[in-house]
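Undergrad: Below is one structure. I have some questions about it.
Each value in this text was obtained by applying a stated rule to the coordinates, not by laboratory testing. Please read these numbers as outputs of a predicted model, since none were measured by experiment. Don't worry about glycine lacking a Cβ; one is built from the backbone with ideal geometry, like all the others, and counts go over all protein chains shown.
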Amino acid sequence: MATEYGNPMGSGESTDYNHYIIDQGWKNYTDEDHGTWQILYNRQRELLKGRACNEFMDNLDKLGIGDSKVPDFRRMSETLKELTGWEVVAVPGLIPDLPFFKLLSERKFPAGNFIRKRAQLDYIEEPDVFHDVFGHVPLLAHPVFADYLEAYGKGGLRAHEFGTIKNLARLYWFTVEFGLINTPEGLRICGAGILSSSGESKFSLEDASPNRIAFDLKRVMQTNYRVDDYQQTYFVIDSFDQLFQETYKDFAPLYEELKIHPRQLTPDEILPEDKIIHKGTQAYACARDIEKQSA
Ligand code: PHE
Ligand code: FE
């Protein structure tokens, strides 16, 4: 896709962020590391049957992401490049916004190369190779999602100029990380943050606690989210085509409006105009808040 809105970096800023890319160091993974991958892979693979969207399950196999070893980024990228032109590059962990956007805009997906320790099987704060590869990479082989993420990267560089990165980041959070999708067979998971978490895979779809609300671009951009626990609200897209259509348009007018009428919704808030698929009881979140207060 060509740059639609002129040079997104503006003038005079350095655009070379390639120094964030490191060698994956595949040979450095120990047997224990590969074993950790195996445990996580097998657990999720089983759990995600009938829960993850088909596009995810099909591409997991197509890309040769398997159960026995941590995938080798170079080999995986060869297949991925043939399918959609994306490649996976290794980074040491979380990287700043601008290099992140720049890499996405070049169809390079930055993935952490380290893997969690056995004591952290269920929860880690920083995204590791299991989250980044198992969670994110399969959908990069889906043509429409592939275009969406590249456009998001370009959009991030633009949002930087508008001062609206926070609004755009919420779109990423509620779609790429924690999105649900409506299918003829029922709700399915498409967000990587859910797909790589055994607890949230069940919680997001089956628990009565969280809200499930139809995706609305402006609404999502105004919604605060939790980073330390399961989400209190999930947004549901109808298709990847819908997501792409709604985000392909120029965001400038929307950004202006968000700046003139700033509004921040709490993670559990429901609006009269929301298209509610499930109104959450928020029982889980309430219990957790009480737990934290007394801790
Ligand atoms: N259309 C957005 C803009 O005008 C860019 C974008 C595309 C952002 C897709 C997110 C996802 O900035
Ligand atoms: Fe992620």
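Undergrad: Can you find even one residue in the range 103-118 that is among the polar types (S, T, N, Q), within 16 Å of ligand 2 (Cβ to nearest atom) and over 18 Å from S239 (Cβ atoms)?
TA: yes
Undergrad: Let me ask you something else. Hey, any hits in the range 251-263 for a residue that's of a type outside the set (V, I, T), closer than 30 Å to L140 by Cβ, out of contact with any Ser or Thr (no Cβ under 8 Å at 6 or more places or on another chain) and free of Cβ contacts under 8 Å to residues at least 40 places away in the same chain?
TA: For the range 251-263, residues of a type outside the set (V, I, T), closer than 30 Å to L140 by Cβ, out of contact with any Ser or Thr (no Cβ under 8 Å at 6 or more places or on another chain) and free of Cβ contacts under 8 Å to residues at least 40 places away in the same chain: present.
Undergrad: May I pose another question? Taking V227 as the residue in question, decide whether it is assigned to a loop (DSSP other than H, G, I, E, B) and aliphatic (A, V, I, L, M).
TA: Yes: the conditions hold for V227.
Results for (1) surrounded by fewer than 12 Cβ atoms within 10 Å (Cβ to Cβ); (2) within 16 Å of ligand 2 (Cβ to nearest atom); (3) more than 20 Å from V227 (Cα to Cα); (4) aliphatic (A, V, I, L, M), shown as yes or no for each residue.
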| position | (1), (2), (3), (4) |
| --- | --- |
| D238 | no, no, yes, no |
| Q242 | no, no, yes, no |
| P253 | yes, no, yes, no |
| H261 | yes, no, yes, no |
| D274 | no, no, yes, no |
| G280 | no, no, no, no |
| A283 | no, no, no, yes |
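Undergrad: Let me ask something else. If S201 passes every condition in (1) away from ligand 1 (no atom under 16 Å from the Cβ); (2) surrounded by 20 or more Cβ atoms within 10 Å (Cβ to Cβ); (3) under 25 Å from G112 (Cα atoms) but one, which one does it miss?
TA: Condition (2) is where S201 drops out.
Undergrad: Residue check: is K117 basic (K, R) and buried (at least 18 other Cβ atoms within 10 Å of the Cβ)?
TA: When the stated conditions are applied, K117 does not pass them.
Undergrad: Restricting the search to the range 170-181, which residues are assigned to a strand (DSSP E or B) and free of Cβ contacts under 8 Å to residues at least 60 places away in the same chain?
TA: L180
Undergrad: Y148 passes all but one of (1) of a type in the set (F, W, Y); (2) under 22 Å from K279 (Cβ atoms); (3) within 16 Å of ligand 1 (Cβ to nearest atom); which number fails?
TA: It fails just one condition, (2).
Undergrad: Can you name every residue in the range 155-169 that is part of a helix (DSSP H, G or I) and surrounded by fewer than 21 Cβ atoms within 10 Å (Cβ to Cβ)?
TA: Listed by number, the residues that qualify are H160, E161, F162, I165, K166, A169.
Undergrad: Identify the residue in the range 124-154 that is touching a residue at least 24 places away in the same chain (Cβ under 8 Å) and surrounded by fewer than 19 Cβ atoms within 10 Å (Cβ to Cβ) and, among all such residues, is farthest from F251 (Cα to Cα).
TA: My answer is E126.
Undergrad: Another one. Go through E177, E185 for me and flag whichever is acidic (D, E) and away from ligand 2 (no atom under 12 Å from the Cβ).
TA: E185
Undergrad: So R263 fits all but one of (1) closer than 18 Å to A169 by Cα; (2) assigned to a helix (DSSP H, G or I); what number is the exception?
TA: Of everything listed in (1) closer than 18 Å to A169 by Cα; (2) assigned to a helix (DSSP H, G or I), R263 misses just condition (2).
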